[in-house]
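Starting off with a structure, shown below.
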Amino acid sequence: GMGAELARRCADAGASLALYDIDDENLRALAEVLEGKGTKVVAVHGDVADAEAVRAFADRVFEELGRVDLFFNNAGVISAGTVWEEPLEDWDWLLGVNTKGLVNGVAAFVPRMNAQDFHSDLVDTASIASLLTVENSPAYVASKFAALGMTEVLDLQLQAIESPVSVHAVCPAVVQTDLARCNEHRDQPGYDPAEHPYLQSADYKRRWAVVEGSLPLGMPVEDAVETIISGVEDDTFLILTHPAYN
């Protein structure tokens, strides 16, 4: 996805990297490739929804690398359904990753980034669904509206204390990522999606097919990341990857 491409671009620019991901297999494979090219990589398997684990990751990053210049707070999952039938477990999962995951990253990294005596950038991944509602995925839209609202408040609060940290919110439309595979890494004790009747229904299957079918038609990851990097370099707060929505 976009995180892997951002890692490649930063590695090509000479950065040391700290990578954190729930997909351990792909995380290790990416780290191995980048280390083979001479990049220093700290790779940690974990879940952004786990606040304690994110804090431990931050501790390790500052201990091993000493500083953070760019923090891409980038993780996301998606679901589909109607507001009244979609499992409440979906809401817990999406808000836990898409919204609280960003908050966990901010809480773990921003205090120490504030204390650095140089400029740094924090880049939260929201979504075009933070700005425009789409009918198919209510929990996703709600979580992304919340993610953008939190990031806007964060930006104002850091400005108020004259922080050296610049904040950016990325709002991509459809990009060719593996977002539809997110269920493979879903772990909610006591909940089995296969046993929920709505998730076996024709309505759900139709809606999920929209999610899966749209991703291959999206913008190439490389093009989206190019726009994100340009937006950070230009100190743009709201970074939209798709010009049609500007």
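The values are calculated or read from the model by the stated rules, or taken from the named source; none is laboratory data. On a predicted model such as this, the values are computed, not experimentally measured, just so you know. Every residue, glycine as well, gets a Cβ built from its backbone with ideal geometry; the counts of neighbours run over all protein chains shown. Each accessible area value is taken on the protein alone, full model and side chains, heavy atoms only, with ligands, DNA and RNA left out. Shrake-Rupley method; radii C 1.70, N 1.55, O 1.52, S 1.80 Å.
So what are the ³J(HN,Hα) numbers for the range 222-237, from phi and the Karplus equation (6.51, -1.76, 1.60; θ = phi - 60°), rounded to whole Hz, Gly and Pro as x?
The phi angles translate into 4, 5, 4, 5, 4, 5, 4, 5, 4, x, 5, 5, 8, 6, 7, 6 Hz.
Using the beta-carbon distance between LYS40 and THR82 and R0 = 35 Å, what value does 1/(1 + (r/R0)^6) give for FRET efficiency, to the nearest 0.05?
Details: r = 47 Å, r/R0 = 1.35.
With a Förster radius of 35 Å, E is 0.15.
Suppose R0 equals 45 Å; then what is the FRET efficiency for TYR245 and ARG67 from their Cβ-Cβ distance, rounded to the nearest 0.05? Kindly include the intermediate steps, with their values, before the conclusion.
Working: r = 34 Å, r/R0 = 0.77.
That gives a FRET efficiency of 0.85.
Taking loop as defined by DSSP and a crowding limit of 10 other beta carbons within 10 Å, which GluC sites (Glu not before Pro) in the range 116-164 fit? List each step's numbers first, then the result.
Numbers: sites: GLU135, GLU152, GLU162; in loops: GLU135, GLU162.
Counting only loop positions with at most 10 other Cβ atoms within 10 Å, the GluC sites (Glu not before Pro) in the range 116-164 are GLU135, GLU162.
Determine, from the Cβ-Cβ distance of ASN114 and THR236 and an R0 of 35 Å, the FRET efficiency 1/(1 + (r/R0)^6), rounded to the nearest 0.05.
Working: r = 21 Å, r/R0 = 0.60.
Once the sixth-power term is evaluated, E becomes 0.95.
Can you give me the % of accessible surface on the chain that is carbon or sulfur? Probe 1.4 Å, all protein chains present, nothing else counted. The partial results should precede the final answer.
Details: 6500 of 12180 Å².
In the chain, the share of accessible area belonging to carbon and sulfur is 53 percent.
Also: Given the Cα-Cα distance of ALA202 and GLU184 and 0.36 nm per residue of separation, how much length would full extension add, in nm?
Using 0.36 nm per residue and subtracting the Cα-Cα distance, I get 4.4 nm.
Now for a separate question. Roughly how big is the chain's charge dipole about its Cα centre, with Cβ charges of +1 (Lys, Arg) and -1 (Asp, Glu), in debye to the nearest 20?
On the way: 16 positive and 40 negative charges, 33 e Å.
Dipole about the Cα centre, nearest 20: 160 debye.
Counting only DSSP beta bridges with both residues in the chain, tell me the antiparallel percent, nearest 5.
Working: 0 of 19 bridges.
Of all bridge pairs located within the chain, approximately 0 percent are antiparallel.
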